[in-house]
1. With charges set only on the Cβ (+1 for Lys and Arg, -1 for Asp and Glu), what does the dipole of the protein assembly as shown come to about its Cα centre, in debye to the nearest 20?
2. Toward the positive end of the charge dipole of the protein assembly as shown, about the Cα centre and with charges on Cβ (Lys, Arg +1; Asp, Glu -1), which of A:Phe88, A:Met327, A:Val153 goes farthest?
3. Given labels modelled 7 Å from the Cα in the Cβ direction, how far is it in nm from A:Glu45 to A:Arg246?
4. I need the shape label for the stretch B:32-105. Rule: rounded when a/c is under 1.5, else prolate if a/b > b/c, else oblate, with a, b, c from the alpha carbon gyration tensor.
5. In the neighborhood of A:Gln316, defined by Cβ-to-Cβ distances under 15 Å, what is the net charge if each Lys or Arg adds +1 and each Asp or Glu adds -1?
6. Starting from the stretch A:257-343, pick out the trypsin sites (Lys or Arg not before Pro) whose DSSP state is loop and whose Cβ has at most 11 other Cβ atoms within 10 Å.
7. Using r as the Cβ-Cβ distance of A:Arg414 and A:Ala318, and R0 as 35 Å, what FRET efficiency do you calculate, to the nearest 0.05?
8. Let me spell out the model: positive unit charges on the Cβ of Lys and Arg, negative unit charges on the Cβ of Asp and Glu, origin at the Cα centre of the stretch A:382-524. What dipole size does that give, in debye rounded to 20?
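Derivation of every value follows stated rules applied to the coordinates shown; laboratory data play no part. Note that the structure is predicted; figures quoted are calculated from it, not measured. No Cβ is skipped: glycine too gets one built from the backbone with ideal geometry, and neighbour counts run over all protein chains shown.
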Amino acid sequence: MHEAAAIGQFERRLVELGCPAVRLREKVRELAEHYGDLKEAALEEGLTESEAEARAEAELGDSVLLAEYTVAAVRRASWWGRHPVLGFGLLPPLAFIPAWVICSAALVGTCWLLGRMFGSAYQIDEGAARAMTVNPDSFRNFVAPANEALMLVAILLSALVFCWLARHAAVGMKWIWTACLICSVNSLVTYPMIGPGFIGIGFALPSSNWFHAVLPISVALVAFIRQRSTENRLASIPEEKRLNARQKAAGGIFSKQSIYRMPTYWAMAVFAAAVLAIVIFVEVMSAQDKAEHLDLRGRVWPAERAATLRQLGARQSAASESSNPIMIDLKARVNASLLASVDGPANVKDNNLADLPRGIHTFGGVPFDVEGRLQLMGRNLIESGKKFPVIVKHIPILRRCARLHLLHGASAVRTLDKKIARLVLHYADGSQAEIGIMAGQDVLDWWGPIYNTEAGEEHQTTSPGTELAWAGGNPWIKQRAPEFSLRLYRSTFANPRPDLEISSIDYVSTLTDAAPFLVGLTID
Amino acid sequence: MRKSNPNFLNGVPELLVLKLLSRREMYGYEIVKAIKAETHQTLAFGEGCIYPYLHYLAQEKLLSSRRKEVGGRSRNYYQLTRRGAKRLEVLDTDWNRVTSGISLLMRGEHA
């Protein structure tokens, strides 16, 4: 604390107004030197010590007002000081995304550097990375902890940056609290999403990640406590003097009114208004979308689902369209029960076809004998550790036929118009023919919509010989995607050589991402 | 012709400081004394008021400052930058234009 009350009060007011520490020391020192010079000059004129001090203080002017002017000059000189509403009110929510990108880049860079320095044990193996990108669950499990850590660092970083900027521009505690509270609210409703092949930012209502919200508030609290403890060590200022100085400063040099005359102030005001208008517009559109989505989920989709199920029921109870159908007994080739999970994480046991009726039933106008699944491999299953054959050989037929009817499905169908499986027909004369099963044309992913409105362009198969034959559910789909249904398709293929007896058929996977399965085979 | 005159009254301290520092580097107390002496005490103000201006001009890069020890005492000396010199030229021209305009009016040469 300075011996001269004027200098002490000057320093105290600078601290109160949020002057950064380095500048504060420099300014106090400079003013103290000036005071010393004035006092020395007065002493040289023969005044006593106390008279010299009184004269020096008088000549220096109101030190509290001087602090107001000094801080106003600092604010005026910086963009953040001239536009605190924009800088500390509007930018904090936008800063989270770049902060998160910077942190992610730093993490990736660190992994790369560690890999270069200490070998591949510190890097993600290429095979593992590819496996993760085709399996959303294992990818999520891998990314979630890293993403959580990145979010915490990004939240902390953005709060610290705004706190530092507020200190640097000397805008005071008010704007530190504003920026940190906005960062806090933003961290509750914003979250980065990392999935296989995409990165995005999501917004949700405040959830359980309250810890994120505490970080920016803690930053503001630390700044507040530091400022208060510094203030308490300094000389006090009479309230009347403080008030008087504030009033004079409001109309004096570097006043707020002078900022209103700056063109950049108005340019920024227009920009802020535009940002606000965009935010309101997006919010309104999002509210409309939500209302429309609610209507779809509550009214439209259930009605359309019911209509589809009625249609499927009608096709299941109709007389067979097939003349002289022969249901091939697949019992000996079945490699998965209808109760076993088709795909998903290893701990999920109920992502199955338990709802599919067993035995002889008509699906899509053709009778099938359903006993279980002939499951083939797809890359999705290989990489999630499941073991199924790539080929099921020698399904005995021993008959001539004109057509083959399949009741089938596939999991992890991500790319359409790709051959995901084939039927190899072995004829009695030793020749063979092949029938391709195309994603999108003959089969779609077994999880999907059975409604039409906003179901996406690719929610129906395109082959004229294929139709949706059965739809149902299981506990896992109800939990993960309640709007979706399980879907099985009936596909009819013409036998390329109906004049020859088919001795057997091989069901072969082409090892794309998709894992095809067959639950019924009928010929006629 | 410019549409509006510069806010010359607000710019007076800036003009004086830049003018004085265009001659040589000075510290705050010296600048105040020089203003008082050269204006024959016409301009009287709280001496501390010079500092907000000096700090503002320094942050605007019109002035630079450095600590220098003279006669055993360390002082913060301010110097005019190149940008400050350009600013002084503009202010000087504006000031001369305004004062000559006022002089014309005061002498009534347009009457």
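1. Numbers: 71 positive and 63 negative charges, 145 e Å.
For this selection, approximately 700 debye.
2. It is A:Phe88, whose Cα lies furthest towards the positive end.
3. 3.5 nm
4. It comes out oblate by the Cα gyration axes.
5. Local net charge: +1.
6. A:Arg261
7. Numbers: r = 33 Å, r/R0 = 0.95.
Computed FRET efficiency for A:Arg414 and A:Ala318 comes out at 0.55.
8. Values: 15 positive and 16 negative charges, 90 e Å.
For the stretch A:382-524, the charge dipole is close to 440 debye.
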